[in-house]
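What follows is one structure encoded as structure tokens, with my remarks underneath.
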Ligand code: NAI
């Protein structure tokens, strides 16, 4: 797999899965734009890219600030990417949040915030880059969903709805943009060890582990490898799909 000459964007690349994806795409040769919600948020990611490539990818790695839930912020970021990168070939919508709670007590605000970041945010970023991706002729959209978008999850009605919506959005984009050579897919991780899952109790974690046939939690690198594949020429005939990467948890 080789992404030399490709320009990629990864949202929410300051840590966790987003950082691992940014490192993997840079390692495969892409010019990578990483976004975070605050200035300096991607410093550690740029350092990690440098370390993973012996400094080779440092000059083609860029950090930008973007709140995907904010239209003006997305538009400004898109302008900066196309001005510096000259276009876009690969878009990875990774930014996401949780605000868990039982449905009967879930506030409208918590619902709106999660859907506003995870689904509306992905919509805004996809729309901002649809034309450059179409111009690329071999554009790639990878949206980071979740297994709970397929299964639902008690305590995560807002999050599961946002991730299920992402699948519908992605399939529609896959159909609309196929004629321009753009593929659009979802990667649906299971339980991945990142800040998002670090706060779960040991009881919850050990109960989850029992449900994973491969008997380990996933790493951000496991997801990054799958994203790298989807962005490569090897996945050129693969579109509109949801690839579940969960150690067999939901098979
Ligand atoms: P994380 O909490 O470590 O990272 C989330 C990233 O999104 C951070 O960089 C954060 O700054 C960014 N972000 C949050 N709100 C944003 C906004 N409004 N605008 C721009 N960026 C924003 O979480 P993790 O685990 O790395 O999650 C990455 C993606 O993977 C998310 O979409 C998450 O829903 C998904 N996922 C994670 C799983 C896990 O077990 N960790 C399982 C299934 C899906």
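So, of the residues in segment 87-103 that are assigned to a loop (DSSP other than H, G, I, E, B) and more than 13 Å from the ligand (Cβ to nearest atom), which turns out to be farthest from residue 181 (Cα to Cα)?
102
Which of the following residues is within 13 Å of the ligand (Cβ to nearest atom), closer than 19 Å to residue 118 by Cβ and assigned to a loop (DSSP other than H, G, I, E, B): 13, 20?
Going through 13, 20 in turn, the sole match is 13.
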* Structure fact -> When residue 3 is run through (1) part of a loop (DSSP other than H, G, I, E, B); (2) within 13 Å of the ligand (Cβ to nearest atom); (3) touching a strand residue (DSSP E or B) at 6+ places or on another chain (Cβ under 9 Å), the failure sits at (2)
* Looking at this structure, is residue 48 surrounded by fewer than 24 Cβ atoms within 10 Å (Cβ to Cβ), within 15 Å of the ligand (Cβ to nearest atom) and at pLDDT 95 or above? -> yes
* Considering each of 177, 230 in turn, give the residue that is touching a residue at least 60 places away in the same chain (Cβ under 8 Å) and touching a strand residue (DSSP E or B) at 6+ places or on another chain (Cβ under 9 Å). => 230
* Keeping to segment 48-73, report how many residues are more than 16 Å from residue 30 (Cα to Cα) and in a helix (DSSP H, G or I). => 3
* If the Cβ limit is 6 Å and pairs must be 6+ apart or interchain, which residue in segment 139-166 that is more than 27 Å from residue 3 (Cβ to Cβ) pairs with which residue that is near the ligand (Cβ under 8 Å from one of its atoms) and outside any helix (DSSP H, G or I)? -> 159/98
* **Meets criteria (farther than 29 Å from residue 238 by Cα, within 14 Å of the ligand (Cβ to nearest atom) and surrounded by 15 or more Cβ atoms within 10 Å (Cβ to Cβ)) for residue 117** => no
* Count of segment 136-168 residues which are away from the ligand (no atom under 13 Å from the Cβ) and more than 24 Å from residue 106 (Cα to Cα) -> 6
* To do: Kindly indicate whether residue 133 is buried (at least 24 other Cβ atoms within 10 Å of the Cβ) and either more than 11 Å from the ligand (Cβ to nearest atom) or more than 18 Å from the chain's Cα centre (by Cα) (or both).
  => yes
* Answer yes if at least one residue in segment 77-86 is more than 11 Å from the ligand (Cβ to nearest atom), out of contact with any helix residue (DSSP H, G or I) (no Cβ under 6 Å at 6 or more places or on another chain), without any contact (Cβ under 8 Å) to a residue 60 or more places away in the chain and in a loop (DSSP other than H, G, I, E, B), and no otherwise. => no
* Asked: Could you say whether any residue in segment 180-197 is exposed (fewer than 13 other Cβ atoms within 10 Å of the Cβ) and more than 14 Å from the ligand (Cβ to nearest atom)?
  -> no
* **Any pair with Cβ under 7 angstrom, 6 or more apart, that starts in segment 10-38 at a residue that is closer than 9 Å to residue 95 by Cα and modelled with pLDDT under 95 and ends at one that is near the ligand (Cβ under 9 Å from one of its atoms) and not in a strand (DSSP E or B)** => none
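The values are calculated or read from the model by the stated rules, or taken from the named source; none is laboratory data. Just so it is clear, the model here is predicted, and its values are computed rather than measured. Ideal geometry is used to build each Cβ from the backbone, glycine not excepted, and the neighbour counts take in all protein chains shown.
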